[in-house]
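For reference, the structure discussed in these notes is given below.
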Ligand SMILES: [Cu+2]
């Protein structure tokens, strides 16, 4: 009963979960899962939250009144935000990126809405100026959710010191300087789940990264940043148990450590800044500074990557609060046509612009599309376990608009949502020309009426607004709609083709695009795997007897680096976007489980390399993966593969992936991939 003392429930145990729930629609868990893996007491708690913090009626929020916040692509212009390096030496671009709490105007101020408290990334300098806000408007050295982009180049190392600075600073209002930031009551975590658990309060024994005993959590926020799509060494991957708290030099944090909290997770690691290689003594390489130094070699094809929190069991809350950002990887230089294509920014002044390249500069626009629910005071509100929202937030603004010229634009689309796919459609008969997916360009552009991407997936598209060059009135307004959403969440973004052409559109979309060559070698192993309502598992006897395994069940996906495998993913319930860390793969085909020899070819957007693939209910999804990056670099160690529906991965729909060096037997994997 809601009137009883608040207790959290861990829900039914993993083994008790049914393999199928006939009530579920194949929609990435868009149906409420409360009956399934959240105890009723917790649901009651959530209802209590609804009573206390009134949900904002989305129909009271006007649409298309604020301009889209512009995050830079490969060429920085005065109109977009890009993170600045803190040092450039030895061909390494160094960044010091802090995660902090700040207030961002997401809902329209003109309609009387206040700012929303968010967590996001920015420079590790004094103050938390918000990008695109202030007078004059701040566009550099600023914080934002999603973050200003990190720009990377092929074969040039990016080194990031990710700092968990979720502390209250002297310049903050609404908190006590020196205190640590806590989860808001409307974005509460489930401490009865298997989670990071800094207080080490486990249902058996003590330790971090264990199943908790439930109850409220008033401690600091654990954070680990994963760059989605990056191929890096294990210690820089951002695996779920590699989190750390804010610096223990903060007295409030130090006090908690004395009381039994742990400052970092079981798999914490980082690199040695001098050698650039794995720090000795991981996980005890933590040095009290609340940070982790990671290295990204960028030995892969140009594409749109993005970074986000990946902390065990609380990723939904951390990402919902805003801990995401763009990482845009280009070629070795502006003229590299092997690993990427040049960008043409038209009349902008940039030495990086190449006439005849893809639309660049102000014509190259990353778009992170998310769904949120707000309270009437403008706070974020996580509804139940699925994280579905009723207001589309694009680049950190609710239902924004973008003024465009009647010419070609490049949009780097990221489904940054918690669950539910996006089925993007343009009004006015405009179409998308998709040129790339997760891991770089497709072999050839494909013309599509709609783009469907699931959480974690990206699509690189060209939209040509030139057919509207003589438009007038509302005809100039092109609406981007999400056909997979319900109600108010269907609207996404409005393009206004109202800007005069600044100059001739000299950008070109070539018919043949540079891309990673197909994997031609024969797979050494075909590995059947199984997916359930909210769990991953293995298959015995060709998946006649699939077994779900929780996150900490001994590693079963042990591969030799350099080996090529075919993974056959048998999906027994619901659709799930499956993401492999560290590697890109090819989507071979799908078939119904009942008719495994009747092959369904990949969709046009799946013809390039991918790092996330939608496994469909009742089907086998086949991917071919070589455990090397596209330059042939082998990296061994512990990684992860998981469903990218965030409530699913938080609920252990995630498994370790252990890559052991070529030639080394796989028998000792558990030790090899131990922290
Ligand atoms: Cu899933």
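Read-outs throughout are calculated quantities, based only on the coordinates presented, and are distinct from any laboratory measurement. Since the model is a prediction, treat every value here as computed from it, not as a measurement. Every residue, glycine among them, receives a Cβ derived from its backbone with ideal geometry; neighbour counts consider all protein chains shown.
Using a 7 Å offset from the Cα along the Cα-to-Cβ direction at both residue 592 and residue 525, what is the distance between the two label points in nm, to one decimal?
Each label point is offset 7 Å from its Cα along the Cβ direction, giving 3.2 nm.
Could you work out, for region 402-514, what percent of all Cα-Cα pairs fall into each 5 Å distance bin, beginning at 0 Å and stopping at the bin that holds the largest distance?
P(r) for region 402-514, in whole percents per bin: 2, 11, 20, 22, 19, 15, 7, 2, 0.
With just the Cα atoms defining each centre, how far is region 463-517 from region 57-89? Give it in Å.
18 Å
Measuring from label point to label point, each 7 Å out along Cα→Cβ, what is the residue 259 to residue 173 span in nm?
Using points 7 Å along Cα→Cβ, the separation is 3.0 nm.
Quick check on region 525-672: of the DSSP beta bridges with both residues there, what percent are antiparallel, nearest 5%? Each step should come with its number before you reach the end.
Working: 37 of 48 bridges.
DSSP beta bridges in region 525-672 are roughly 75 percent antiparallel.
Quickly work out the residue 273-to-residue 512 label distance, labels modelled 7 Å from Cα along the C-beta direction, and quote it in nm with one decimal.
About 4.7 nm separates the two model spin labels.
Just subtract the alpha-carbon distance of residue 85 and residue 544 from 0.36 nm times their residue separation and send over the number in nm, one decimal.
Working: separation 459, 0.36 × 459 = 165.24 nm, distance 5.26 nm.
Difference between extended and current length: 160.0 nm.
Order 59-68, 564-573 from most to least packed using the mean count of other Cβ atoms within 10 Å.
Numbers: 59-68: 16.5, 564-573: 20.9.
Going by the mean number of other Cβ atoms within 10 Å, highest first, we get 564-573, 59-68.
At 222 nm, what helix-only mean residue ellipticity would the chain give, in deg cm²/dmol to the nearest 500, using -39500 (n - 2.57) for each DSSP H run of four or more? Could you put the intermediate results ahead of the total?
Details: 6 runs with 40 residues, N = 675.
Computed mean residue ellipticity for the chain: -1500 deg cm²/dmol.
Taking each pair of distinct Cα atoms in region 230-377 once, what is the resulting Kirkwood hydrodynamic radius in Å?
On the way: mean 1/r = 0.0542 Å⁻¹.
Radius from the Kirkwood sum: 18.5 Å.
Using only the alpha carbons of the chain, what is the convex hull's orientation-averaged projected area in square nanometres?
Details: hull surface 112.7 nm².
Orientation-averaged projected area of the Cα hull: 28.2 nm².
Order 296-307, 93-104, 208-219 from most to least packed using the mean count of other Cβ atoms within 10 Å.
Details: 296-307: 25.4, 93-104: 21.6, 208-219: 19.0.
With the highest mean Cβ count within 10 Å placed first, the list reads 296-307, 93-104, 208-219.
So how do 110, 591, 145 line up by other beta-carbon neighbours within 10 Å, fewest first? Could you put the intermediate results ahead of the total?
Working: 110 9, 591 16, 145 27.
Going from least to most buried by this count: 110, 591, 145.
Ranked highest first by the average count of other Cβ atoms within 10 Å around their residues, in what order do 406-418, 317-329 fall?
On the way: 406-418: 24.4, 317-329: 26.2.
Top of the packing list down: 317-329, 406-418.
Looking only at the chain, where both bridge partners belong to it, what percent of the DSSP beta bridges are antiparallel (to the nearest 5)?
Numbers: 107 of 147 bridges.
Bridges in the chain are about 75 percent antiparallel.
Would you mind computing Rg(Cα) / (2.2 N^0.38 Å) for region 525-672, counting N as its residues? Intermediate results must be reported in sequence, preceding the final value.
Numbers: Rg = 14.5 Å, N = 148, 2.2 N^0.38 = 14.7 Å.
Compared with the compact-globule rule of thumb, region 525-672 sits at 0.99.
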